[in-house]
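The block underneath contains the structure these notes are about, expressed in structure tokens.
The values are calculated or read from the model by the stated rules, or taken from the named source; none is laboratory data. Here the structure is a predicted model, which means the values were calculated and not measured. Neighbour counts are summed over all protein chains in view; Cβ atoms, including those assigned to glycine, are modelled from backbone coordinates with ideal geometry. Side chains are part of the model used for accessible areas, which takes the heavy atoms of the whole protein and leaves out ligands, DNA and RNA. Shrake-Rupley method; radii C 1.70, N 1.55, O 1.52, S 1.80 Å.
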Amino acid sequence: MKAVVITTPGGPEVLQLQEVEDPQIKEDEVLVKVEATALNRADTLQRQGKYPPPTGASSYPGLECSGTIEAVGKNVSRWKIGDQVCALLSGGGYAEKVAVPAGQVLPVPQGVSLKDAASLPEVACTVWSTVFMMSRLSAGETFLVHGGSSGIGTFAIQIAKYKGVRVFVTAGSEDKLAVCKDLGADVCINYKNEDFVARVKEETGGKGVDVILDSIGAPYFQKNVDSLSIDGRLFLLGFMGGSVTQVNLASLFAKRITVQAAGLRTRSLENKAEIVSEVEKNVWPAIAAGKLKPVVYKYLPLSKAAEGHQLMESSKHAGKILLVT
């Protein structure tokens, strides 16, 4: 099969489409003939040598895919050859075929094309496991997501609105904020010319928001704490802006704030299977009902993975970038 190989750590140009061995499936895995895969920020870090795949995972990038099942391991009962699916991966999505633990496979949601389904598993599992399973965001609450036009952001806006939440977003351009508004965001803040703490306070009558989802990290930490309400929850998904900061601990005490952080890729197979099952139960019906839709910015052939990475790192996109086999 063909796969995108990271030939050496470096810039987008190190990604090369090469002929490689087909993956071998274990007894509890399925082999998926990939229709499409989606780019995630983690892929660019892996390419730079900063985010190695977990032990035993494919060395090729790609944390999600969609496609058709080509083979099933002998312990797999739910899935059969020919099923159209999408899947959460630990790696290997930038390829024509990938082996996937059966517990990380999802049916293609009703009303979504096989190709577009590749844009869903990572964002759905990330947002559901963090904002809902851990931070327990619920109807009637307020929610701020930074990077509202990102893959995570565009999904988080929609699922939060579906759940009856008032949604605040930050983004760095009017075009990106317009995308967020179209998806249902209630308060759209351009962080380049507006202080999001002041705006959040103004829009909430000084109270602050209940939950914040943040991938920026250090530069936003104290500002996030200042933007939270009493009993507020801050969830850290990453630290694109840096990982070391100073914080006024008294401000956490005063508001009884909970700070949580988690990734998805390094979780155990059992933990991922539980999240995938919860997503199918809670998120897939909303997609089937037309309440959530995939937000795809661009489709590129697998051979143009380097172009996809350049686009992602330019941050000019809104939504997901897909590589199609």
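Net charge dipole, the chain: roughly 480 debye, given to the nearest 20, about the Cα centre with Cβ charges of +1 for Lys and Arg and -1 for Asp and Glu. Using a Gaussian network model of the chain in which every pair of alpha carbons under 10 angstrom is joined by a spring, one finds that among Ala57, Ala117, Ala102 the greatest mean-square fluctuation is at Ala57. Under a 1.4 Å probe, what is the accessible area of the range 193-325 per residue, stated in Å²? Heavy-atom SASA per residue in the range 193-325 reads 48 Å².
Other residues with beta-carbon under 11 Å from the beta-carbon of Val76 carry, at +1 per Lys or Arg and -1 per Asp or Glu, a net charge of 0. Which of the pairs Lys97/Lys298; Lys181/Lys304; Lys2/Lys293; Lys97/Lys304; Lys2/Lys176 have their Cα atoms more than 27 Å apart in this structure? In this structure, Lys181/Lys304; Lys2/Lys293; Lys2/Lys176 exceed 27 Å between Cα atoms. Taking Thr44, Thr7, Thr68 and ordering them by how much accessible surface each has at a 1.4 Å probe, largest first, produces Thr7, Thr68, Thr44. Computed over protein heavy atoms with a 1.4 angstrom probe, the accessible surface ordering of Met240, Met134, largest first, is Met240, Met134.
Distance from the alpha carbon centroid of the range 110-188 to that of the range 1-24 works out to 32 angstrom. Report note on the peptides 140-150, 229-239: ranked by the mean count of other C-beta atoms within 10 Å, highest first, their order is 140-150, 229-239. Take the Cα of Gln310, step 7 Å toward its Cβ, do the same at Lys298, and the gap between the two points is 0.9 nm.
Mean separation of Cα pairs under 8 Å and 6 or more residues apart, divided by the residue count, gives the chain a relative contact order of 19 percent. Taken along its principal axes, the alpha carbon cloud of the range 8-124 reaches lengths of 41, 31, 23 Å, longest axis first. FRET efficiency for the Ala288 to Gln84 pair, using the beta carbon distance and R₀ = 22 Å, is estimated at 0.90. Projecting label points 7 angstrom from Cα along Cα→Cβ for Thr266 and Ala198 puts them 3.8 nm apart.
All other residues whose Cβ lies under 13 angstrom from that of His317 are scored, Lys and Arg at +1 and Asp and Glu at -1, for a net of +2. For the range 174-251, the square roots a ≥ b ≥ c of the C-alpha gyration tensor eigenvalues yield an a/c of 1.5 or more together with a/b not exceeding b/c, which makes the shape oblate. Of all beta bridges that DSSP places with both ends in the chain, some 55 percent have antiparallel geometry. Diffusion coefficient of the range 206-274 by Stokes-Einstein, Kirkwood radius over Cα pairs, 20 °C, 1.002 mPa s: 167 µm²/s. Estimated from helices alone, the mean residue ellipticity of the chain at 222 nm is -7500 deg cm²/dmol (sum of -39500 (n - 2.57) over DSSP H runs with n ≥ 4, per residue). Volume per residue of the convex hull around the Cα atoms, evaluated for the chain, comes out as 122 Å³. Heavy-atom surface analysis with a 1.4 Å probe gives the range 93-141 a carbon and sulfur content of 48 percent of its accessible area. For the pair Gln16 and Glu280 in one chain, pulling the backbone fully straight at 0.36 nm per residue adds 91.6 nm over the alpha carbon distance.
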